[in-house]
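Trainee: Before we start, here is the structure in question, set down as structure tokens.
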Amino acid sequence: MKWSEISVHTTNEAIEPISNILHESGASGVVIEDPADLEKGEARFGEIYALDPSDYPEEGVIVKAYLPKNSFLGETVEEIKGSITALEQFGIDIGTNSVTLAEIQEEDWATAWKKYYKPVKISEKVTIAPTWEDYQPVSTDELIIEMDPGMAFGTGTHPTTVLSIQALERFIRKNDTVIDVGTGSGILSVASILMGAKQVYAYDLDDVAVTSAKNNAALNNVEDRLEASRNNLLNGVTHQADLIVANILAEIIVKFPKDAYALLKPGGYFITSGIIEGKKELVRESLIETGFEIIESNRMEDWISFTARRPE
């Protein structure tokens, strides 16, 4: 079977929304070509890269995905282009926004994206390892999350995910009940359980993401503590939580602080990530107006995370 590799030259800011657009269009296997990954030797979180510099743009990033080559391909590509261009309406910088296609054989597609995904230590205790890598822990307290991202966005190495997991490591408490809004591949849900949560409720609008979250929970033997289901943010949710985490766009985060506040127990934490610098104050003001106390704010590259607390 033949596949088409679609490449979008864009910005770091637009990686997540463009990845979601590609998934919703039926793409399988998203990879990110970011020149920041070409730093020599040991990178920021401990991973070692052996990548070809010629694969990477001089500036910006390239988001690649794979679509089956069929009679609808041209129409699908045009819809993708339109959806990406529409992101500008939300204040998202899409950069060069050049879209190209290349034909690729199925056997090449099946493994091409895996070369970009290696074990990576992203916090004091957490290391994320793809299922096809034989990774051995280097310390007794290291938490290893095995991941198979499949079609759902979220391999764990993006700064927004790293910020979320680092915040979870600082604020989660043993036997907490956690809600993961926009779970994606389920990585934050799995991390929460490995850090001691007794129950996690994971929600996403995308059925593929829900399935991926369940599969990754099973890979890590924590499926008995994860309940993943399709849902629009926190609409209709009644579970009281000790901690809520949401790694999604700022424009989405500001839609549900009141729901998060209502579901959190007094003293509970609301961790938000996926926030670009230009939208930082928008989220901060929304949290404060709702009644949250901002406990900390962290930055990685161009991304911001907040940890807020519902007062006792």
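Read the figures in this text as sums done on the coordinates, not as results from a lab. Computed from a predicted model, the values in this text were never measured in an experiment. Backbone-built Cβ (ideal geometry, glycine too); neighbour counts: all protein chains shown.
Trainee: Nearest 0.05, what FRET efficiency do Asp134 and Met300 give at R0 = 30 Å with Cβ-Cβ as r?
Mentor: The pair Asp134/Met300 has a calculated efficiency of 0.60.
Trainee: Moving to a separate point now. Can you give the helix-only mean residue ellipticity at 222 nm for the chain, where every DSSP H stretch with n ≥ 4 adds -39500 (n - 2.57) and the sum goes over all residues, rounded to the nearest 500 deg cm²/dmol?
Mentor: Rounded to the nearest 500, the figure is -8000 deg cm²/dmol.
Trainee: Whole-Å semi-axes of the chain's equivalent ellipsoid, largest first, each the root of 5 times a Cα gyration tensor eigenvalue?
Mentor: Three semi-axes, in Å: 30, 22, 19.
Trainee: Another one. Net charge around Thr177, counting only other residues with Cβ within less than 15 Å of its Cβ (Lys, Arg = +1; Asp, Glu = -1)?
Mentor: Cβ neighbours under 15 Å give a net charge of +1.
Trainee: P(r) tail for segment 157-309, what percent of Cα pairs lie past 18 Å?
Mentor: Of all Cα-Cα distances in segment 157-309, 52 percent exceed 18 Å.
Trainee: By how many nm would the segment from Glu277 to Thr96 lengthen if fully extended, with 0.36 nm per residue of separation less the alpha-carbon distance?
Mentor: Difference between extended and current length: 63.2 nm.
Trainee: When the chain is fully extended, how far beyond the present Cα-Cα distance does Asp148 get from Arg230, taking 0.36 nm per residue of separation?
Mentor: Computed gain between Asp148 and Arg230 is 27.5 nm.
Trainee: Moving to a separate point now. Calculate the FRET efficiency for Gln240 and Gln89 from the Cβ-Cβ distance with a Förster distance of 51 Å, rounded to the nearest 0.05.
Mentor: For Gln240 and Gln89, the calculated efficiency is 0.90.
Trainee: If each residue of separation counts as 0.36 nm, what is the full-extension length gain between Glu78 and Asp141 once their alpha-carbon separation is subtracted?
Mentor: Once the chain is fully extended between Glu78 and Asp141, it gains 17.8 nm.
Trainee: Which residue, Gly74, Ile288, Ile21, has the largest displacement toward the positive end of the dipole of the chain when charges sit on each Cβ (Lys, Arg +1; Asp, Glu -1)?
Mentor: Of Gly74, Ile288, Ile21, it is Ile288.
Trainee: Please find the FRET efficiency linking Glu24 to Ile288, where r is the Cβ-Cβ separation and R0 is fixed at 35 Å, and quote it to the nearest 0.05.
Mentor: 0.60
Trainee: Put a dot 7 Å past each Cα toward the Cβ at Leu219 and Asn175; how far apart are the dots in nm?
Mentor: Result: 3.1 nm between the two label points.
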